[in-house]
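Only one structure is covered here, and it is reproduced in the block below.
The values are calculated or read from the model by the stated rules, or taken from the named source; none is laboratory data. Everything numeric here is computed off the predicted structure, so don't read it as measured data. A quick note on method: Cβ atoms are made from the backbone with ideal geometry, for glycine too, and the neighbour counts reach across all protein chains shown.
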There are 2 protein chains.
Amino acid sequence: MTFSVTILGSSSALPTSKRFPSAHVLNAHERLFLIDCGEGTQIQLRKYKLKLSRIDSIFITHVHGDHTLGLVGLIATLNLLGRKTKLSIYAHASLQPILNQNILFFVNELNFPIEFIPLNSKKHKVILKTDNIIVESFPLKHRIPCNGFLFRESPKLPNIKKEAIERYQLSLTDITSIKRGSDFTSKTGKVIPNTELTYISSPPRSYAYCSDTRYFERLASYTKDVDLLYHEATFDKNLEELAKTTGHSTATQAAKIAKLSNAKKLIIGHYSSRYKDITPLLDEARIVFPETYSAEDGLMFSI
Amino acid sequence: MTFSVTILGSSSALPTSKRFPSAHVLNAHERLFLIDCGEGTQIQLRKYKLKLSRIDSIFITHVHGDHTLGLVGLIATLNLLGRKTKLSIYAHASLQPILNQNILFFVNELNFPIEFIPLNSKKHKVILKTDNIIVESFPLKHRIPCNGFLFRESPKLPNIKKEAIERYQLSLTDITSIKRGSDFTSKTGKVIPNTELTYISSPPRSYAYCSDTRYFERLASYTKDVDLLYHEATFDKNLEELAKTTGHSTATQAAKIAKLSNAKKLIIGHYSSRYKDITPLLDEARIVFPETYSAEDGLMFSI
């Protein structure tokens, strides 16, 4: 099953000719979860052939324009494309009135329901649970209330060994019961322990999105053991003071959080437009955390 | 002096991977006049190396999202870039409250004045006159109030013939007076007629922008003898009825307006996303008006 992240925008507040403002999309089992929605997100989705109809929910970290200004255009387009199914938007409560006003003004007869779920920017909590995925939201430290998100596959049921199905002539009812943890009693009355009948599937995969935030070590507890961590790296290590005062991080700090998290892989991004070449940022991060990669618009990371 | 138009967006309501929503920029003597401002306009301006600091005024035809949703992001970016000079926005009055609300919410401490000039969508009138350029606004026929714009260089003063300057030892005062139409009286008392001293500069160049509109012939009176006419061509001639009911035009109709206007050149654009290849639209327009060209994002037309 697909579990991959595509970078739609990797710039910070000022987009460049090569970097759109913030947006990532997670494809989890062919449902798309959009994270942030900077200006032009709908154009990037089309460019990278991500089906707009598959967007399930949108998660907005904070209400700055470079993370939100693509919402109205995207909603207008979904409407023109005939969407009827509910769109869930998770964001800080302050976004709801201005979003509604814009929709009223710019979208002609909205034909699908929008469910707005206000986020608590102070608590670490589960905000969505489906059959396939669990989404947690946790506090980041920016100039305004800001949330990070962790997407994790739901724990998978174990698989039944093929030879067990044949040997014990297991019915569908037996299989369901065994998958849920039961032992099996054969026709002769012999109890076969569950562990002899099953094997563990691949462990649930996970992806965390942390932008915008200044460096704080508790963040690593929210992203513990994550497979893929995206952590903003607006500045290089020489601008640590500027990073702190503007509520941002350096590439070194992003790498420290990846290391503290015991993440498998780190993506850095949200680069200040002053960096024409981000190699120095990548280099400084890799000193701390070698498995660091650079967010580039259109790049896809499979987990 | 430069007088050129760059296409920033050539799609209609649904952008595609190759076409951004509506926006053109006119470079008139190194001042930029932005016409419409669909989502992503600021990204296109950067991509095509058009200096954001040179934007003088913005002209919005109508308040549909595909012509306006790039405004807030562009204004936020101009602010981050340190703009201090006034930005004039010409648009239907209904845009002002929602634009102001968005600026208040999304732009942190606006540091330059925005002058909002409401347009009359029923009258043909001059809306701006500078030393170099005159801008006229005129009614279009769309589903909501909509304006077209004509940009024309101000009439140029004649040039003085070099040999006249030498022969009659003309002073700066003489030259200024002759440029304004006076004859010249030489030291011997001989009157030299103005026509012998001057020659006419190149005639004022002009560009008209007509989108969105259904076909109506009076439009050609507003764009009479224009050098370059942009006229929307959302549909092909087989969809004339759909064009009429949605307030749009076919490529053939755009070409008819160009012919009736006695325009020198026509650009068609604002294509429905149903056309993957717009050659058929270009072909049908060229039957009526051979000097027709297709709007493509990034294309520049020098006049």
Inset, instruction - For residues that are surrounded by 15 or more Cβ atoms within 10 Å (Cβ to Cβ) and among the charged types (D, E, K, R), scanning just region A:79-136, find the one that is farthest from A:Lys156 (Cα to Cα). - result: A:Arg83
Legend entry - Residues of region A:234-251 satisfying the condition of being of a type in the set (Val, Ile, Thr) and within 20 Å of A:Ser22 (Cα to Cα): A:Thr234, A:Thr246, A:Thr250
Legend entry - Those residues of region A:227-260 which are closer than 13 Å to A:Ala208 by Cβ and not in a loop (DSSP other than H, G, I, E, B), in sequence order: A:Leu228, A:Leu229, A:Tyr230, A:His231, A:Glu232, A:Ala254, A:Ile257, A:Ala258, A:Leu260
Legend entry - Residue check, A:Asp283 in the same structural domain as A:Thr16 (by TED's automatic domain parsing) and exposed (fewer than 15 other Cβ atoms within 10 Å of the Cβ): yes
Inset, instruction - Check region A:57-74 and report whether any residue there is over 28 Å from A:Pro145 (Cβ atoms), in the same structural domain as A:Thr130 (by TED's automatic domain parsing) and modelled with pLDDT of 95 or more. - result: no
Inset, instruction - Give the number of residues within region A:34-76 that are under 21 Å from B:Thr68 (Cα atoms) and of a type in the set (Val, Ile, Thr). - result: 6
Inset, instruction - Check whether at least one residue in region A:120-131 is touching a helix residue (DSSP H, G or I) at 6+ places or on another chain (Cβ under 6 Å), of a type in the set (A, V, I, L, M) and modelled with pLDDT of 95 or more, and report yes or no. - result: no
Inset, instruction - Determine whether A:Val63 is in contact with a Phe, Trp or Tyr (Cβ under 8 Å, 6 or more places away or on another chain), within 14 Å of chain B (Cβ to nearest Cβ), of a type in the set (A, V, I, L, M) and closer than 24 Å to A:Thr213 by Cβ. - result: yes
Legend entry - Scope region A:85-118; condition within 24 Å of the chain's Cα centre (by Cα) and among the charged types (D, E, K, R); matching residues: A:Lys86, A:Glu115
Inset, instruction - Report whether or not A:Lys18 is in contact (Cβ under 8 Å) with a residue 12 or more places away in the chain, under 24 Å from A:Ala251 (Cα atoms), out of contact with any helix residue (DSSP H, G or I) (no Cβ under 8 Å at 6 or more places or on another chain) and within 9 Å of chain B (Cβ to nearest Cβ). - result: yes
Inset, instruction - Name the residue, out of B:Arg143, B:Arg167, that is closer than 30 Å to B:Ser10 by Cα and either basic (Lys, Arg) or outside the structural domain of B:Ser12 (by TED's automatic domain parsing) (or both). - result: B:Arg143
Inset, instruction - For B:Asn194, state whether it is of a type in the set (S, T, N, Q) and touching a residue at least 40 places away in the same chain (Cβ under 8 Å). - result: no
Legend entry - Sole residue being assigned by TED's automatic domain parsing to the domain that holds A:Phe59 and β-branched (Val, Ile, Thr), chosen from A:Thr195, A:Thr188, A:Thr252: A:Thr252
Legend entry - Number of the condition not met by A:Ile58 [criteria: (1) of a type in the set (Val, Ile, Thr); (2) in contact with an Asp or Glu (Cβ under 8 Å, 6 or more places away or on another chain); (3) under 21 Å from A:Asp297 (Cα atoms)]: (2)
